[in-house]
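Accompanying notes for the structure given below.
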Amino acid sequence: MKVLVHSQKRSEKEKVGWHRDGRNIDYTPNGIRKSENSNKTLYTLSFTLDFAYSDDTILIAYSYPYTYSDLVEYLSGIEMNEKVSEFCIRKTLCRTIAGNKCEYLTITSKNNDTKSHKRKCIVISARVHPGETVGSWMMQGVMNFLTDVNNPEAELLRDNFVFKIIPMLNPDGVINGNYRCSLAGCDLNRRWKKPNQTLHPTIYQAKKMVLALSKERGVAFFCDLHGHSKKKDVFMYGCNYEDDPARTRVFPLILSKLCPLFSFDKSR
């Protein structure tokens, strides 16, 4: 796969933004072991870029960027939409180590029917790994769909569920350009069992919110959006119940039947 490139001069003169480029692309083992006790080796990515302009500023990325500022601007747009604000509320889950906001949306219909308090919750989060920008693009698609005032399917979902959307679980990592870790050097996706309120505030507060929702109204579904460095297509990794293995496999199976881009075989 070609790398993403942004040329300042090409953007100014040709109106070309981020684009795939490069040749002689190679990704091979380099002989350096991952650890002293491991037989697995690290890999080296190499490629050749041809520069069209002299004295240019070139940016190179692994995947299409999606910054913290992009998210804040997007959420502000939602908040300013009067029709959307009738069923969508923007709040701050907590502050990160660096003091940045970790925000979330609550999306559900505001009708006063007797069943509204019995609606189960669906929690969707993304970007716990800062380098997996595809998670943010998928999340923006989710938010676009759920806040579409002209989509009857979205309206049906809002009438039957309460959506808690956490678009960026690791703002510090995104802002500081980390690929996988937080500002504390932690992989936050490995801290769900025992998160520390000081070191892993977003995970701590997200887990606290999910547990409270589970007691209050029940959580029907939790989905955390990621990207994969090597695998293609769309797939799911889920929990397994040994006494009822089909329980977590029904949703990806149905999804594979409805969406040709989703692979049930690559899910596990």
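Worth pointing out:
- Answer residue from segment 123-132, given it is touching a Gly at 6+ places or on another chain (Cβ under 7 Å) and part of a loop (DSSP other than H, G, I, E, B) and is surrounded by the fewest Cβ atoms within 10 Å (Cβ to Cβ) among those: 132
- Subset tally (residues that are outside any strand (DSSP E or B), surrounded by 12 or more Cβ atoms within 10 Å (Cβ to Cβ) and out of contact with any Asp or Glu (no Cβ under 7 Å at 6 or more places or on another chain)) for segment 2-16: 3
- Of all residues in segment 191-220, none satisfies the criterion of being over 21 Å from residue 121 (Cα atoms), hydroxyl-bearing (Ser, Thr, Tyr) and in a helix (DSSP H, G or I).
- Scope segment 143-173; condition among the acidic types (Asp, Glu) and not in a helix (DSSP H, G or I); matching residues: 148
- Per the listing 125, 116, 109, 136, the residue uniquely more than 30 Å from residue 181 (Cβ to Cβ) and in contact (Cβ under 8 Å) with a residue 40 or more places away in the chain is 109.
- Residues of segment 199-213 satisfying the condition of being farther than 26 Å from residue 66 by Cα, in contact (Cβ under 8 Å) with a residue 12 or more places away in the chain and surrounded by fewer than 17 Cβ atoms within 10 Å (Cβ to Cβ): none
- Among the residues listed as 110, 120, the single one being among the basic types (Lys, Arg) and either over 19 Å from residue 146 (Cβ atoms) or exposed (fewer than 14 other Cβ atoms within 10 Å of the Cβ) (or both): 110
- Within segment 244-268, residues that are over 16 Å from residue 221 (Cα atoms) and open to solvent by 50 Å² or more (accessible area, probe 1.4 Å) sit with their Cβ atoms under 9 Å from residues that are among the polar types (S, T, N, Q) and outside any loop (DSSP other than H, G, I, E, B), at 6+ positions apart or across chains, in these pairs: 264/256; 265/256.
- Extreme residue, farthest from residue 133 (Cα to Cα), among residues of segment 221-268 that are among the charged types (D, E, K, R), out of contact with any Lys or Arg (no Cβ under 9 Å at 6 or more places or on another chain) and assigned to a loop (DSSP other than H, G, I, E, B): 243
- When 90, 20 are checked against the criterion of being in contact with a helix residue (DSSP H, G or I) (Cβ under 7 Å, 6 or more places away or on another chain) and part of a strand (DSSP E or B), 90 stands alone in meeting it.
- All positions within segment 88-100 that are buried (at least 19 other Cβ atoms within 10 Å of the Cβ) and either among the charged types (D, E, K, R) or farther than 20 Å from residue 196 by Cβ (or both): 88
- From the list 185, 141, 227, 135, the lone residue that is small (Gly, Ala, Ser), surrounded by 19 or more Cβ atoms within 10 Å (Cβ to Cβ) and closer than 30 Å to residue 18 by Cα is 135.
The values are calculated or read from the model by the stated rules, or taken from the named source; none is laboratory data. Since this is a predicted model, take the numbers as computed values, not measurements. Don't worry about glycine lacking a Cβ; one is built from the backbone with ideal geometry, like all the others, and counts go over all protein chains shown. What goes into the accessible areas is simple: the full protein's heavy atoms, side chains included, and nothing from ligands, DNA or RNA. Shrake-Rupley method; radii C 1.70, N 1.55, O 1.52, S 1.80 Å.
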